[in-house]
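Data first, discussion second: the structure below is written as structure tokens.
Every number in this text was worked out from the coordinates using simple rules, so none of it is lab data. Just so it is clear, the structure is predicted and the values come from calculations on it, not from any experiment. Ideal geometry is used to build each Cβ from the backbone, glycine not excepted, and the neighbour counts take in all protein chains shown.
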Amino acid sequence: MKTLVIGTGGREHALARALSLDPGVAEVHAAPGNPGIADVAALHEVDPLDPAAVAALAQRLAVDLVVVGPEAPLVAGVADAVREAGIACFGPSGEAARLEGSKAFAKDVMAAAGVPTAEARVCTTPAEVEAALDAFGAPYVVKDDGLAAGKGVVVTVDRQEAVDHAAGCERVVIEDYLDGPEVSLFALTDGATVYPLQPAQDFKRIFDGDEGPNTGGMGAYTPLPWAPAGLVDEVLRDVLQPTVDEMARRGTPFAGLLYAGLALTSRGTRVVEFNARFGDPETQPLMALLDSPLSPLLLGAATGTLAEVPPPVWKDGSALAVVLASKGYPETSSSGDVISGLAEAEALDGVHVVHAGTARDGADVVTAGGRVLAVTAVGADLSLARAAAYAGVAEIDFDGAQHRTDIALAAAQGEIAL
Ligand code: GLY
């Protein structure tokens with residue numbers, strides 16, 4: 001099979017690498033890609049937000065399957081254009097991707113499907129915002145009702161900060177605060193059959209101890225040793241399958257990767273958000289532990305034949321990713337800083353360095369974005385996987401590099417209580 005991965009980030013590197021290791025995949029192409037993806041795929045130029053251009057590239061390369069990584073091309077209708085060109089595409093239609101693209105739409109689908117989520121109000125005026133903040137009380141949860149790359153959400157006890165964030169958005173969703181640990185549970189679906197992946201957890205704040213502003217994600221691990229038995233079955237029954245069924249009932253079936261961001265609250269499991277694509281950085285450790293070949297699962301989801309493919313099987317042990325971000329992230333980012341130590345990190349047992357915001361500058365690999373790398377490692381248990389990943393992090397250096405030192409620490413020490 002010939003595959004084409006669309007995107008430039010760590011998620012796309014992890015997916016392209018998994019496809020390159022799949023014996024059923026003869027060729028991996030990627031566009032636009034990055035220097036890490038170039039190690040496992042042939043790179044091509046394309047504007048990932050141009051549906052016609054992506055479809056034309058897929059036709060020119062005569063690929064059998066296109067895998068669209070990020071949300072923006074999905075919302076722009078890239079998957080629709082590829083399918084219209086007669087090529088299988090992993091990723092939902094533009095209409096179905098509204099599950100991520102519009103928080104208000106997602107709330108409407110959840111209400112219709114009976115999916116447990118935080119109570120929420122959609123607000124467009126300052127008066128509505130004030131009333132909703134009064135109704136729910138602190139901590140305040142204010143979400144930009146649009147694509148914001150995981151950074152459009154403010155959770156704060158500071159009422160003025162909540163009001164200011166709302167004022168900067170056209171439409172906001174204000175929600176009840178959800179207590180309890182968060183879980184990212186992804187599912188592959190063809191619009192009818194749903195195969196959950198292993199649960200993962202990511203770390204959204206920039207600093208240790210979940211301090212500082214939200215980011216796109218500073219690290220992740222899987223599986224979750226503290227997750228209750230039966231969590232995956234419960235979420236499949238109460239969240240994933242009803243959502244997929246409701247989307248089909250509306251005539252806009254969701255086929256691709258349904259990302260359920262969950263909070264395990266004192267009142268039960270609640271959906272915090274849906275995304276319409278693989279999460280980043282959760283995909284990095286998930287792909288490191290996936291034992292099944294990836295291409296049959298993605299092709300099955302893309303072509304309505306997922307039930308004919310065996311469900312995913314996982315390797316024993318744990319995996320985690322630690323993100324290295326550039327100077328100034330998340331407010332800004334720094335480009336052109338020379339990265340050293342990549343080969344040394346890769347040489348460590350069980351360690352793989354996933355590229356996100358990197359570029360080539362002559363013989364050097366340099367920073368080219370906020371999240372630069374995700375040092376990913378596997379180990380027999382979470383402590384060993386952490387030790388390996390942080391040994392990799394210690395090898396890598398660039399001016400202004402920042403990372404969290406506590407990715408999966410509480411879980412490895414058995415300190416996460418439900
Ligand atoms: N891990 C957060 C995201 O992918 O949105």
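Of note:
- log10 of Debye I(q)/I(0), alpha-carbon scatterers only, for the stretch 59-143 at 0.12, 0.13, 0.15 Å⁻¹: -0.53, -0.59, -0.70
- D_trans [Stokes-Einstein, Kirkwood Rh over alpha-carbon pairs] for the stretch 223-355, 37 °C, 0.692 mPa s, µm² s⁻¹: 182 µm²/s
- Rg over Rh, two decimals, the stretch 1-127 (C-alpha only, Kirkwood Rh): 1.09
- Counting every other Cβ atom within 10 Å of each residue's Cβ, Met110, Met218, Met247 order from fewest to most as Met110, Met247, Met218.
- Highest mean packing first, where packing is the average number of other Cβ atoms within 10 Å per residue, the peptides 195-207, 390-402 line up as 195-207, 390-402.
- Cβ-to-Cβ counts within 10 Å put Ser318, Ser335 in ascending order as Ser335, Ser318, the fewest first.
- Using a Förster distance of 22 Å, the FRET efficiency for Asp291-Asp210 (Cβ separation, nearest 0.05): 0.10
- Above 28 Å, the calculated P(r) of the chain contains 45 percent of its Cα-Cα pairs.
- Here the stretch 34-96 was treated as a single set of alpha-carbon atoms; its pair distances binned every 10 Å from 0 give 24, 55, 20, 1 percent.
- Hydrodynamic radius (Kirkwood) for the stretch 265-418, which is based on Cα pairs only, to one decimal in Å: 17.3 Å
- Tail beyond 19 Å, pair distance distribution of the stretch 184-235 (Cα, percent): 43 percent
- Rounded to whole Å, the principal axis extents of the Cα atoms in the stretch 288-374 read 47, 30, 26, largest first.
- The alpha carbon convex hull volume per residue for the stretch 250-310 rounds to 138 Å³.
- Spin-label zone in the stretch 35-64 - amide nitrogen under 17 Å from a point set 7 Å from the Cα of Glu346 along the C-beta vector: 35-43
- Were the residues from Leu409 through Glu331 laid out at 0.36 nm apart, the gain over their Cα-Cα distance would be 25.5 nm.
- Cα Rg over Rh - the stretch 100-180, Kirkwood: 0.94
- Prolate/oblate/rounded call for the stretch 355-418, Cα gyration tensor, a/c under 1.5 rounded: prolate
- Peptides 371-379, 273-281 ranked from most to least packed by the mean count of surrounding Cβ atoms within 10 Å: 371-379, 273-281.
- Spin-label model distance (nm) - Ala85 vs Ala387, 7 Å beyond Cα toward Cβ: 4.8 nm
- FRET efficiency, Asp245 to Thr305 (Cβ-Cβ, R0 22 Å, nearest 0.05): 0.75
- Projected area averaged over orientations for the stretch 128-231, convex hull of C-alpha atoms, nm²: 8.5 nm²
- Between Asp164 and Ala62, the FRET efficiency estimated from the beta carbon spacing at R0 = 51 angstrom works out to 0.50.
- Residues Val313, Val153, arranged from fewest to most other Cβ atoms within 10 angstrom of their Cβ, appear as Val313, Val153.
- Normalised convex hull volume, the stretch 212-256, alpha-carbon set, Å³ per residue: 147 Å³
- Segment Trp226..Asp39, full-extension length gain: 63.8 nm, with 0.36 nm per residue of separation and the alpha-carbon distance subtracted.
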